[in-house]
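Trainee: Could you have a look at this structure, given as structure tokens, before my questions?
The numbers here are math on the coordinates, done by the rules we state, and not lab data. Being a predicted model, the structure only gives us computed values, none of them experimental. With ideal geometry, Cβ positions are generated from the backbone for all residues, glycine too; neighbour counts draw on all protein chains shown.
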Amino acid sequence: MVTPRPPAAREGARNAAAAGGALHLRRVEISIGSRRLVGPLDVLVEPGTCTTLMGPSGCGKSTLLSWLAGALDAAFHARGTVSLGAEDLTALPPERRRLGLLYQDDLLFPHLSVAGNLLFALPASIRGRAARRAAVEQALGGAGLAGFADRDPSTLSGGQRARVALLRTLMAAPRALLLDEPFGKLDAARRHEIREFVFGRAREERLPVLLVTHDAQDARAAGGPVIELAAPGAMEA
Ligand SMILES: Nc1ncnc2c1ncn2[C@@H]1O[C@H](COP(=O)(O)OP(=O)(O)O)[C@@H](O)[C@H]1O
Ligand SMILES: [Mg+2]
């Protein structure tokens with residue numbers, strides 16, 4: 001899908017370029033009790049590229065993304081570091097990491113319109129009601145959703161909801177994308193379209209992307225390296 005670049009997206013691209021960072025995981029290990037779930041794992045994701053993590057259910061993929069986002073459940077113990085460019089993120093709280101997460105069940109707020117959902121994510125640095133609304137309208141237009149601003153999320157198709165969820169993630173001007181099986185609930189046609197949309201935006205904005213999936217077609221579409229994670233219990237701490 002070829003889309004015009006709205007100012008908000010250019011802003012995001014500038015931010016990403018300014019951050020200029022590869023996402024780098026070094027010697028990452030995640031354990032629960034005495035059982036090692038993930039790692040040791042070393043991954044370097046260059047800006048504008050996507051690395052795919054594959055592995056069976058329960059092997060710790062979502063747990064790893066939670067750790068990267070700075071929101072690991074206290075039941076787990078993690079070692080290793082994550083950095084973005086020259087900045088070590090390991091000890092930063094989630095909001096200062098500025099990473100964009102997208103889940104399979106990325107629920108839009110049902111009590112807000114489509115525009116309300118996007119305004120919620122827009123950085124406070126974009127000031128003024130009119131400017132904020134314009135940024136949302138332009139982002140929607142660029143995603144083939146012109147005229148959808150005032151729609152109730154419950155009236156959207158699955159593919160439309162997926163695009164709004166992705167826009168919401170991108171509008172926060174993240175410095176990297178963490179995708180947790182984001183295409184899992186889409187039918188084959190939508191899946192292809194949304195994949196192209198996600199990977200296209202990530203390339204344009206030079207974002208490093210870490211994709212978790214168990215669909216080999218997702219991995220092929222991502223076009224980057226694929227890392228297989230071991231089944232849970234395969235490694236003992
Ligand atoms: N909060 C938690 N407390 C204890 N165990 C958990 C918690 N969350 C997930 N787990 C367990 O950790 C393992 C990894 O889960 P998860 O990262 O969700 O796997 P995946 O995303 O690869 O399917 C599973 O065995 C799961 O049951
Ligand atoms: Mg998971």
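Trainee: Thr213: within 16 Å of ligand 1 (Cβ to nearest atom), among the β-branched types (Val, Ile, Thr), within 30 Å of Ser83 (Cβ to Cβ) and surrounded by 21 or more Cβ atoms within 10 Å (Cβ to Cβ), yes or no?
Mentor: yes
Trainee: Considering Arg201, Arg206, which residue is in a helix (DSSP H, G or I), within 30 Å of Val28 (Cβ to Cβ) and touching a residue at least 60 places away in the same chain (Cβ under 8 Å)?
Mentor: Of Arg201, Arg206, the one residue that is in a helix (DSSP H, G or I), within 30 Å of Val28 (Cβ to Cβ) and touching a residue at least 60 places away in the same chain (Cβ under 8 Å) is Arg201.
Trainee: Given (1) surrounded by fewer than 17 Cβ atoms within 10 Å (Cβ to Cβ); (2) part of a helix (DSSP H, G or I), identify the lone condition not met by Phe109.
Mentor: (2)
Trainee: So which residues in segment 126-151 are within 23 Å of Ile194 (Cβ to Cβ), surrounded by fewer than 18 Cβ atoms within 10 Å (Cβ to Cβ) and free of Cβ contacts under 8 Å to residues at least 24 places away in the same chain, if there are any at all?
Mentor: Hits for segment 126-151 are Ala146, Gly147.
Trainee: Is it true that some residue in segment 194-207 is of a type in the set (Gly, Ala, Ser) and within 18 Å of the chain's Cα centre (by Cα)?
Mentor: Yes, segment 194-207 contains at least one residue that is of a type in the set (Gly, Ala, Ser) and within 18 Å of the chain's Cα centre (by Cα).
Trainee: In segment 33-46, how many are surrounded by fewer than 14 Cβ atoms within 10 Å (Cβ to Cβ) and not in a strand (DSSP E or B)?
Mentor: Of the residues in that region, 2 qualify.
Trainee: Additional query: Scanning for something touching a strand residue (DSSP E or B) at 6+ places or on another chain (Cβ under 8 Å) and more than 16 Å from ligand 2 (Cβ to nearest atom), does segment 188-198 turn up at least one residue?
Mentor: yes
Trainee: From Thr49, Thr81, which residue is more than 16 Å from ligand 1 (Cβ to nearest atom), surrounded by 20 or more Cβ atoms within 10 Å (Cβ to Cβ) and over 13 Å from Leu99 (Cβ atoms)?
Mentor: Thr49
Trainee: Determine which member of the set Ala149, Ala230, Ala173 is under 21 Å from Lys61 (Cα atoms), small (Gly, Ala, Ser) and either in a loop (DSSP other than H, G, I, E, B) or within 16 Å of ligand 1 (Cβ to nearest atom) (or both).
Mentor: Ala230
Trainee: Here's a check for you: in segment 54-89, which residue that is under 23 Å from Gly223 (Cα atoms) and part of a helix (DSSP H, G or I) is farthest from ligand 2 (Cβ to nearest atom)?
Mentor: Taking the candidates together, the pick is Leu68.
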